[in-house]
Amino acid sequence: MLRVLLAGFMATWFLSGGVDTMEAQAQAGQTEYDARALRLESSWGFGKLVRGREGTVIGKVGGFRAPDLATAVSPSREAISEAKEFKQRYDRGNLALVGGALAMSVGIGLARLDGVDANVLVPAYVLAASGTALVTYAAVQLNRGYSALARSIWWHNRDLRK
């Protein structure tokens, strides 16, 4: 049965003339938008800020680093404002993430020690809870920072001439 079905598909393909090839379209001249538009491409947890049709990498986002986005989006006031918000929230979020992860790790490590009395156990739990709260705060800041990054790119691309 499978052979009959496959033979039917092949016969239909041959009788229809195979696959049509499309004529190549001539590329239009590169506009300001094509040359200067920004986008964010992700790769294994990191982001690359890319400009134009050619994909020139302007900077990388992730791993506790962020490009100076304000200069990349400089013609647009709204984009610059959003870029500054991104940088501020991104830096604040990364700092809180490191501090919170460290506090949470130390607190959990102290609480897991054998033979720990209440004088150490209570502060360890408080340290672990404080670290968890700080990591949550960091996640909120990073999320808002990435939203500001998206708005900054949008404002920049919106203000380009097509």
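Just so you know, all these numbers are worked out from the coordinates, no wet-lab data involved. Not measured: the values here are computed from a predicted model. We place every Cβ from the backbone using ideal geometry, glycine too, and count neighbours over all the protein chains shown.
Observations
- Boolean, Asn119 is over 26 Å from Ala66 (Cβ atoms) and polar (S, T, N, Q): yes
- Residue-level check: of (1) surrounded by fewer than 16 Cβ atoms within 10 Å (Cβ to Cβ); (2) of a type in the set (Gly, Ala, Ser); (3) outside any loop (DSSP other than H, G, I, E, B), Ser74 misses just (3).
- Search result, residues across region 67-79 that are touching a residue at least 60 places away in the same chain (Cβ under 8 Å) and of a type outside the set (D, E, K, R): Leu69, Ala72, Val73, Pro75, Ser76, Ala79
- Qualifying residue in region 94-102 (condition: part of a helix (DSSP H, G or I), touching a helix residue (DSSP H, G or I) at 6+ places or on another chain (Cβ under 7 Å), farther than 30 Å from Thr31 by Cβ and of a type outside the set (A, V, I, L, M, F, W, C)): yes
- Test: residue in region 110-117 that is touching a residue at least 12 places away in the same chain (Cβ under 8 Å) and at negative phi: yes
- Cβ pairs under 9 Å, 6+ apart, first in region 132-153 and at negative phi, second outside any helix (DSSP H, G or I) and among the hydroxyl-bearing types (Ser, Thr, Tyr): Ser152/Ser76
- Unique match (being surrounded by 15 or more Cβ atoms within 10 Å (Cβ to Cβ) and without any contact (Cβ under 8 Å) to a residue 24 or more places away in the chain) among Ala124, Ala128: Ala124
- Residue list for region 32-71, filter: in a strand (DSSP E or B) and farther than 24 Å from Leu142 by Cβ: Thr56
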